[in-house]
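K.L.:
I'd like to ask you about the structure that follows.
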Amino acid sequence: MRCSLLWRDETGKMAESESTEMYLKTILELEDADHEPVAISRIAERLGVSAVSANEMIKRLAERDLVLHTPYKGVEFTQLGRRRGLNVLRRHRLWECFLVEHLDVAWEHSHDLACQLEHATADEVTERLATFLGQPETCPHGSVIPDAEGNYEEPPTVPLSEMEVGQKGIVRRIYREETPLLDYLAERHVLPGLPVSVRDIAPYNGPLTAQVGDGEVVLGREIAARILIILTG
């Protein structure tokens, strides 16, 4: 299950602040490296809501100076909105570290639990958590954790799906964490930090065969596109 608007209070409604945070974090996750505007349809799909609901929420965020919406172009952050989104992302990834490293939660299940905890964490608790964890730089899925000032930069990577036969690298991160994808990769021991080399690519957009760590895996192109690699050769 991806992070979606599923958490409700006792009345069955989502708290406004939580909904705001989910939208801001989602926009941040969907942005590309050039910070191009994100289509509302992509936001709605990612959160599992209707386009109408997404449009209404984006209007409210724009009224609060958190985003700018240009019709037929998309949504982009204001400075305030970006800082708020990075704060949520920091909390989320710190909680993933805590869950995996200190509660022995499975790597593939930490994402969904962190989605709940990120909305109930004050800034003071966030920074105490970061100190307790030793100021980790990445989450268990390989993504950079923004620092307390909102600074972060992902290193240059290429999707495994774009590598050629014979190329080598290191699995850096899994892009767009979703539990079914994480479950699938965990079963095949495709994890950040492991060496990878491409052995074979089937024609006509067929599957890709790679050596990952000590094992060989066959992956469809769509899944391989979600595995980001730092090239080493």
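K.L.:
For the range 158-231, what number results from the quotient of the Cα radius of gyration and 2.2 N^0.38 Å?
P.N.:
0.96
K.L.:
Taking H as built 1.01 Å from N, whose amide H comes closer than 5 Å to the amide H of I145, not counting residues under 5 places away?
P.N.:
T138, C139
K.L.:
Could I ask something else about it? For the residue pair V218 and I170, what label-to-label distance in nm results when each label sits 7 Å from Cα along the Cα-to-beta-carbon direction?
P.N.:
Output for this residue pair reads 3.0 nm.
K.L.:
Stretched out fully, how many nm does the piece from L113 to E101 gain, at 0.36 nm a residue minus the Cα gap?
P.N.:
Length gained, L113 through E101: 2.9 nm.
K.L.:
Packing-wise, with mean Cβ within 10 Å as the measure, how do 179-186, 64-71, 84-91 rank, highest first?
P.N.:
Descending mean neighbour count gives 84-91, 179-186, 64-71.
K.L.:
Next question. From the helices alone, meaning DSSP H stretches of at least four residues, give me the mean residue ellipticity at 222 nm for the chain, per-run term -39500 (n - 2.57), in deg cm²/dmol to the nearest 500.
P.N.:
-12000 deg cm²/dmol
K.L.:
On a full-extension model of 0.36 nm per residue, what is the gain between A225 and Q79, subtracting their alpha-carbon distance, rounded to one decimal in nm?
P.N.:
49.5 nm is the gain from fully extending A225 to Q79.
K.L.:
Follow-up. Return an integer: the convex hull volume of the alpha-carbon atoms of the chain, in Å³ per residue.
P.N.:
141
K.L.:
Here's a follow-up. When the chain is fully extended, how far beyond the present Cα-Cα distance does K59 get from D200, taking 0.36 nm per residue of separation?
P.N.:
Going from the current span to full extension adds 46.0 nm.
K.L.:
Give the distance, in whole Å, between the Cα centre of the range 106-146 and the Cα centre of the range 165-227.
P.N.:
A separation of 25 Å, based on Cα centres.
K.L.:
Under a Cβ-Cβ cut-off of 11 Å, what is the net charge of the residues other than A120 that fall near it, where Lys and Arg count +1 and Asp and Glu count -1?
P.N.:
Once positives and negatives cancel, what remains is -2.
Only the coordinates and a few stated rules stand behind these numbers; no lab work does. A quick note: this is a predicted structure, and the numbers were derived from the prediction, not measured. So basically every Cβ, Gly included, is an ideal-geometry build from the backbone, and we count neighbours across all protein chains shown.
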